[in-house]
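Report on one structure; see the data block that follows.
Derivation of every value follows stated rules applied to the coordinates shown; laboratory data play no part. What you see is a predicted model; the values in this text were computed from it and never measured. Backbone-built Cβ (ideal geometry, glycine too); neighbour counts: all protein chains shown.
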Amino acid sequence: MNNIVIIGGGGHAKVLISIIKKNNDFIITGYTDNNDCGELLGIKYLGDDAILSELIKSNECSNAVLGVGQINLNNKRPFIIDSVKKLGYKFPAIVSKNSIINEDVIVGEGTVSFDGVVINSGSKIGKFSILNTGVIIDHDCEIGDYTHIATGATLSGGVKLKGNSMIGAGATIIQYKEIIDNCMIGAGAVVTTDLREPGMYAGIPARRIK
């Protein structure tokens, strides 16, 4: 069985640890973080990210998953991932066995899908995205890279969501709408029109607020 290291020690990392344990596809070597958060669900702290170079050189671990969630559009996740990939690490997709992934679905490198996620046929999920608990992505959706879809959000059929965006908890995007990259959709918002300008959107229907 392959080993994997968790990068980050917060709440997002804890959920990933739990899912990886249940899936039983990898052995978790430990986690890295700038701060020692103690054991996380029985997983030990290894040190800060500088330890990653030593781990891969010793062949102790060659897989990684980013346990740092995206919380705003000042997205540092691509820079972390790029630096770790340069060390030689691979980022497998982590898909909970309690997700429902139907036929003809593509899930990109490094993307994580939590419990209760449903992805219907014909949908394509980009690289290094986060699908939080209970997200519903209906048929033929296209989700860009580095996108975070928060708990309980719903994307109806045929939605096209560009990269580096955040869909807030409980938000809804109705069918066949297109959202440009670098958008943040507030919790509970309902997107009823195409969003063609980057920025923050909120309300029912969703309007640009910043």
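Once every Cα of region 19-148 carries one equal point scatterer and solvent is ignored, give the base-10 log of I(q)/I(0) from the Debye formula at q = 0.17 Å⁻¹, two decimals.
Treating every Cα as an identical point scatterer, log10 I(q)/I(0) equals -0.96.
Once the cut-off is 19 Å, how many percent of the Cα-Cα pairs in region 67-210 end up in the long-distance tail? All intermediate terms of the calculation are to be shown ahead of the outcome.
On the way: 4611 of 10296 pairs.
In whole percent, the long-distance tail amounts to 45.
Stick to the Cα atoms of region 2-86, pair each with every other, and give me the Kirkwood hydrodynamic radius in Å at one decimal.
After inverting the mean inverse Cα-Cα distance, the result is 13.0 Å.
For the chain, give the share of DSSP beta bridges that are antiparallel, in percent and rounded to the nearest 5; count only bridges with both residues there.
Around 5 percent antiparallel, to the nearest 5.
For K57, which aspartates and glutamates qualify as cross-link partners when the Cα separation must be under 20 Å and same-chain residues fewer than eight apart are set aside?
D33, D48, D49, D82
By a straight-distance test (C-alpha under 23 Å), which lysines pair with K14 as possible cross-link partners, with residues fewer than eight away in the same chain excluded?
Filter leaves K22, K44, K76, K85, K90, K97, K127.
Rounded to the nearest 0.05, what FRET efficiency do K57 and D115 have when you use their Cβ-Cβ distance and R0 = 41 Å?
0.75
If amide hydrogens are placed 1.01 Å from N in the peptide plane, which non-local residues have theirs closer than 5 Å to the one on M184?
M166, G199, M200, Y201
Using 1/(1 + (r/R0)^6) with R0 = 22 angstrom and r between the beta carbons of K210 and V190, what's the FRET efficiency to the nearest 0.05? Working shown, then result.
Numbers: r = 18 Å, r/R0 = 0.82.
It comes to 0.75.
In degrees from 0 to 90, rounded to the nearest 10, what is the angle of the helix 11-23 Cα long axis to the longest principal axis of the chain?
80
Given a Förster distance of 25 angstrom, what is the FRET efficiency for K90 paired with S18, based on the Cβ-Cβ distance and rounded to 0.05?
That pair, K90 with S18, gives E of 0.70.
What number comes out for the charge environment of F128, summing +1 per Lys or Arg and -1 per Asp or Glu over other residues with Cβ under 9 Å away?
Summing Lys/Arg as +1 and Asp/Glu as -1 gives 0.
Using only Cα atoms, find the angle between the long axis of helix 77-86 and the longest principal axis of the chain, and express it within 0 to 90 degrees, rounded to the nearest 10.
Computed tilt is about 40 degrees.
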